[in-house]
Every structure is written in C-alpha cells, then in structure tokens.
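The structure appears below as structure tokens.
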Amino acid sequence: MAKTGIRKYILARVRIAFLVVSLAALLIVYKMMNIQIVEGERWSSKARGVEMRDVHPTRGSILADDGSLLATSLPFYRVAIDPTVADSLVFNQGIDSLGVLLSNFYKEQEPSYYVNILREYRKNNKKYFVISKELIDHENYKKLSQFPIFKEGRNKGGVIYEQTDRRFLPFGELARRTIGFVNHEDTSQSLNGRGLEYSFNSELQGIAGEALYELIAGGFWKPVDDMSQVRPKPGIDIQTTIDINLQDTVHQILQNALAKYKADYGSIILMEVQTGKIKALVNLGINSNGSYVENNNYAVGDMGLAEPGSTFKLMSMAALFENEEIPISLKDSVQTGDGVHKYYDDAVMRDVSALGKLTVQEVFEKSSNVGMSLLVWKYFRKNPKKYFEALQKFGLSRPLGFQMAGEAQPYIKSPSDSSWSGSTLPWMSIGYELKLSPLQTLSFYNTIANNGIMVEPIIVSQTRQAGKILSSFETKVNKEIISEKTVKTLKIMLRGAVENGTAKKIDTKTYQIAGKTGTAEKVRNGEYTEDHYTSFAGYFPADNPKYSCIVIIDDPKTEKRYAAEVAAPVFRSVSDVVYQRYLHKPLSEVEPTAKDSLHMRLPFIRAGYRPDLDLVCSQLGIKTQNQSMQQWVKTQVATDTVKWIDNQGAKSLIPDVRGMRLRDALYLLENLGMKVAFEGKGRIKSQSLNPGGAIQKGKTIYLKLKE
C-alpha cells in the first residue's frame, strides 16, 4: 500500500511537471510565432536596416487671380539601379549601350565606368547603385526610361526613380518675395520662412505618407518598393488676388525708376478700393551686383517700417476735422511767414521756401510743414492725448492683421511714452517720430477713397484642390472710422494736392488722380540727414475711386530727390496702365449710330496721328477738344465735339493701336523697338500684347486688321 501511494504521488508530480512543461512550451511557441509573424517585419527591418520613413507630399501651388501659376512643385528624380534584377539576356545585351547612353547623358564618366561597375555590382550581388547625384526633370525621366535595361522597368530591369519635388516659380523674379519660401532642409530646427509659402504652410504642405526604406552602404536610403504603405495627401492650392499682368508691368516700372534715381530700394502696392484686394505688390532692393531684385518685403514687413513724412499730413488733417470741438474749415488761414518756426531753441520747423499766409487747403496742397504743425499745435497742445486717440481710432497704432506673417508693428508715440517731448506733437503732425509700413499708410488712404469705411487689405482669396473651391476669404469691412463730412473735406484736399499742389506735374485731364507726396529726411546715427525717403499715396479716378496705390522710392541719389520729382511720376505711370487697361471706356461704346449727326459726317476714325486727325476735322468743320497733348490719340465723341484722348501713355509701355491704320501702327510700334507681324486689311481690330504692358524691345506684337 505504501509503495502504491508513493507511485501515485510520483505520477501526479510527473503529470504536473509535464503540464507545466507543456504550458511553457506553448508559451514559447506563442512567443516565437508572435515574434516571427506579428513583430517579424519590425525585427527583420531592424536587422536589415529597414524602417518606415516619411514620404513628402506634393506641395500645393500658389496661383494668380486668373489661375496662372505663381509657384508650383515639379518632380525631379535621382536615378539608381539594382543590377541583379534583370535576367542575363537583358543585362548582357543592353549593358554596353546603356554605358554609352549614360555617359553621353550625364557627361560625368566614360562608358566603361558604368559598364564595369554595374557588372561588378551584379557579380557581387550588390543591389543598389546610384547612377548620379544629379537630379533629372520629368522630360529627362522619360528619355532615360527608353534606355536599354531601364526600359524594362523596376521589376524586370531594376531601375529605381526616387522622386523629390522642387519649387518652381514660372514667372521668375515676379512677386518672389511675396511668394516667399519655407525651410525644409534642417529638420532639427523649427520651420521658418517668409511670405505666402510660410504664412499658408499648413494648407500648402499636405500630409506626409510612410514607406519602407532600407539603409545601404554609403548612407543611402533605398525605397523597398514603389508603393507607399501610407500614401501622402497633396497640399491645397491657394489663389491670390494678384493680377500677373499688372504685377509684371508694375515690376518693370519700379525697376526702371530705381535704376534711374539710383535708389536703395522701392515698393509699390496697388489695391482695389472697395474690396481691399491687392492686385500688384512689388518689392525691389539692390543686391551686391548692383541689380534690383525681390529681396525684402518692404511693403509689409519691418524692413519697410519708416517715418512716412508728409503723406502723414492726411492723418493729421483727419484728426483735426474729426474733432467736433475744433472750429476749422478749408478756408481758414495760417501764417507760415518766412517758412521757419521755432518751437524750442533746438526744435526749428522749416518749409522748403517761404509761403507766407496760406489757407488750410493750401497748407495741404503745398505741403507746408510749418502750417501743418501750427494747426496741430494750436488745437492739440493742451491735450495731445486727443490727437493720439484720433490716430488710434483710425487704426494706425495696431497691425492690420494682414494674411502674411511678418507684418510690421506700427509705432505711434503716445503722450505717456517716456520719449515724448515738447517738440513731439508738431513733428508727429508732419510724419516724424512715428513709423508706419507702406501697407498701413495705403490702408488709410484707401479708407478715404472708400468714403470712410475701412476694408482690410487681402492677398489670398481662396483655397482650392483639384479645381474645386474649398474655402474663400471674405474681405473684412470695418465700420465707418471717419465721418462722411470729414471724408468729403479730405477728398477735396487730396485732389487739390494733384491739381494745384506739389503733385501737379502728374495731373491729367484724361482721368483724375488724388493723392499726397511725402519726402522724409532719413535718420542716420541719431541725426537727420540729406538722404530722403520719398513716397506718393493716392487713388484714382478721384471722382469715382476704383484703385488706391502707394509708391516708395528710398534714398534717390540723383539731382531729383523729392517725392514730387521721384515717387509721384512713378504713381502716374502705374495709374496710366491701370486706367488704359481696365478703366478706359471701350471703343465699341462710341461707335457711330444712324441717329448721331456728328458720326454721319465723321470718317470712320478710331485712333491715329493727332495732326492728321486735326486736319481732317478742320476740313469737315468738326469741333475738336484736346484731352491730350500727345501725338498719338484715340477719338471720343461728346455731343458735337471730338475729343483726342492719350493713346500711348508712358513711352516704356505698349500703346493701344486698335483702330489705327497699319502705317501709323507700324511707325509707332517700330519706333518703340518692337517687331510687328500682321494679317488682314483695313484698320487694326486686335493686338496680341495688352496695352499698358511693359515694352520688351525686339519682341513681336501680332496685329489683326479688318475692313
């Protein structure tokens, strides 16, 4: 019995041990299966130097207002090959020809180099050879795809095309600083950049995918296959408000002006009055080679923050007329004397010349520093805080909230500021001891053009993908910040400054311009110098404002150094282009009708050489009125009179030759350095290059004629 009990005890223990061993074995098997099946790929990848890596998505494009590409991503490829993939027949028949073709294509090595190294790699079972570090574009990708061995593809020929995208600007330098960039190179640092690329990076960048890559000799990461495990999602396109034709023309106008005046930098912003849409934004600075390039955002950012000078007199006048406690009118008089007024021993205000007694209107038109400062001093010196509060109400002390990152913070000095002194108020009144960006100044002028209602400037209107609109950016309209009564007064001043004042040289009878010149002495080493910051801000047509614009020319170094001589004419060149291209009444609207007795007597004339047209009209007894003193004109009929309208604009711009005889058009265009091709008979019906565009000498313009 005792032996039987012992036996049973031993058997029980054995069974238990067997069960434990079995369970342990099952656990081991499970672990092994888990490692092999579940974690196998991960551990195998680690062992082979394989890991999941990000696959960058295609970045979204930046578009002009008409859908033209301002910036887009183009595919480029690094070419590699696994020489072990192709079968012996394909490899041996194609390797010599492949070596010759690769040598001719890359021009880096002799044909024998490629033949020998690919044979060696194949013999030693090496599976990855980079043909060249040089990236190829899509056109060359298609060429290489026809080479021997390569034409078999990846699975049968072993060729590997590793795609990477590069940013491409189809219009080159145009709006380059506005388009901007992002820094993707150094992943150890936070993202940085400039312009629209940086400001809208979250929309443009897309969502990265993942794919398996293998680390091989030489530190190269070879894609394991062509297909991403997680496909990247491409970025979203953004559509800007930029008119690429205007951008091009304004760029040329500014570039020519900067070279002419030997200036340091310049900027032009052109904006629609009612919508706040920016149609052209140009920033040009001089580089080390003496060329003008888009290097800094002077229009919006800190680089362009400056004392505006006399363009700020509009803000000071607005502060005066908006204060109901101040009894002031345009006809009130101010005694400016000999153009010198001493506020303190070391604070002397000066005019360019002695102007004597002026009305308030004339103070603005003639841009009298003494007159402006005396007005502000008279009404605000006892309570300068009210002047400061008026500027705050106008929105001048805060950023606009512009869509692009890096907007400058304006600086409007407060009476509570430690640097406020007895001379601060009069100097602020004429645009010193404060700083604004050109965009901030233009925004205020645009508010006057828009009858006191401020619209925030906008440069991106939509986001799009695959042609579909995803979102739209509405123009933000603020409530009326300046009363209708004050706006009416300020508009009279602004028109007067062009019609009778410092900017009268740019006045034109074809359409009305309103605006103000600004010339500020620049500070260097804490002292004002003879170097100037010149500007002109305004809008047009003055009687029905459609566009506002500001021109900045910094530190001109010629005899002409004041805004009236430098910045104002540039504004006129821009406004001429815009008027001629978008605002001028089409010729079809003044075609003759059976009921129009004047047209019954007037030959079918639309445009031509003014002396010839004057002779025709005098012979027929038709009255004429000169709206232009240019030789080349268009016709416009008003009751019983024919008006001659300027048809050429600036000499650096493409004229409108529609309606002319071929002889006149050839003479005009060829004298401007252009080549002319034409078809048809009669008068010119259409032209291939838009009127108002910048002339490129030697470029061909195509004309269609119709009888």
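The values are calculated or read from the model by the stated rules, or taken from the named source; none is laboratory data. Because the structure is predicted, anything quoted here is derived from the model rather than measured. So basically every Cβ, Gly included, is an ideal-geometry build from the backbone, and we count neighbours across all protein chains shown.
Of the residues that sit in region 676-695 and are in a strand (DSSP E or B) and of a type in the set (A, V, I, L, M, F, W, C), which one is surrounded by the fewest Cβ atoms within 10 Å (Cβ to Cβ)?
A677
If I go through region 192-226 residue by residue, how many of them are modelled with pLDDT under 70 and closer than 30 Å to V460 by Cβ?
0
Of the conditions (1) among the hydrophobic types (A, V, I, L, M, F, W, C); (2) touching a strand residue (DSSP E or B) at 6+ places or on another chain (Cβ under 6 Å); (3) touching a residue at least 12 places away in the same chain (Cβ under 8 Å); (4) not in a loop (DSSP other than H, G, I, E, B), V376 fails just one. Which one is it?
Going through the list (1) among the hydrophobic types (A, V, I, L, M, F, W, C); (2) touching a strand residue (DSSP E or B) at 6+ places or on another chain (Cβ under 6 Å); (3) touching a residue at least 12 places away in the same chain (Cβ under 8 Å); (4) not in a loop (DSSP other than H, G, I, E, B), V376 breaks only (2).
Only one of these conditions is not met by K127: (1) under 30 Å from Y292 (Cβ atoms); (2) surrounded by fewer than 19 Cβ atoms within 10 Å (Cβ to Cβ); (3) touching a residue at least 24 places away in the same chain (Cβ under 8 Å); (4) in contact with an Asp or Glu (Cβ under 7 Å, 6 or more places away or on another chain). Which number is it?
Result: K127 passes all but (1).
Residues are listed down the side, and each one gets a yes or a no for (1) surrounded by 22 or more Cβ atoms within 10 Å (Cβ to Cβ); (2) in contact with a helix residue (DSSP H, G or I) (Cβ under 7 Å, 6 or more places away or on another chain); (3) assigned to a loop (DSSP other than H, G, I, E, B):
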position: I242; (1), (2), (3): yes, no, yes
position: H251; (1), (2), (3): yes, no, no
position: I268; (1), (2), (3): yes, yes, no
position: Q274; (1), (2), (3): no, no, yes
position: N283; (1), (2), (3): yes, yes, no
position: S288; (1), (2), (3): no, no, yes
position: V300; (1), (2), (3): yes, yes, yes
position: T311; (1), (2), (3): yes, yes, no
position: M317; (1), (2), (3): yes, yes, no
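Being of a type in the set (V, I, T), under 30 Å from D66 (Cα atoms) and in contact with a Lys or Arg (Cβ under 9 Å, 6 or more places away or on another chain) is the filter here, so list the residues in region 283-334 that pass it.
The answer is V293, and nothing else.
Exactly one condition in (1) among the hydrophobic types (A, V, I, L, M, F, W, C); (2) surrounded by 18 or more Cβ atoms within 10 Å (Cβ to Cβ); (3) within 30 Å of D332 (Cα to Cα); (4) in contact with a helix residue (DSSP H, G or I) (Cβ under 7 Å, 6 or more places away or on another chain) is not met by I481; state its number.
(2)
Given the conditions (1) of a type in the set (V, I, T); (2) surrounded by fewer than 13 Cβ atoms within 10 Å (Cβ to Cβ); (3) modelled with pLDDT of 90 or more, and given that T164 satisfies all but one, which numbered condition is not satisfied?
It is condition (3) that T164 fails.
Do we find that I695 is under 30 Å from the mean Cα position of the chain (by Cα), under 18 Å from R581 (Cβ atoms) and among the β-branched types (V, I, T) in this structure?
When the stated conditions are applied, I695 passes them.
Being exposed (fewer than 13 other Cβ atoms within 10 Å of the Cβ) and either among the charged types (D, E, K, R) or out of contact with any helix residue (DSSP H, G or I) (no Cβ under 8 Å at 6 or more places or on another chain) (or both) is the filter; apply it to region 109-124 and report the residue that is nearest to S97 (Cα to Cα).
E110
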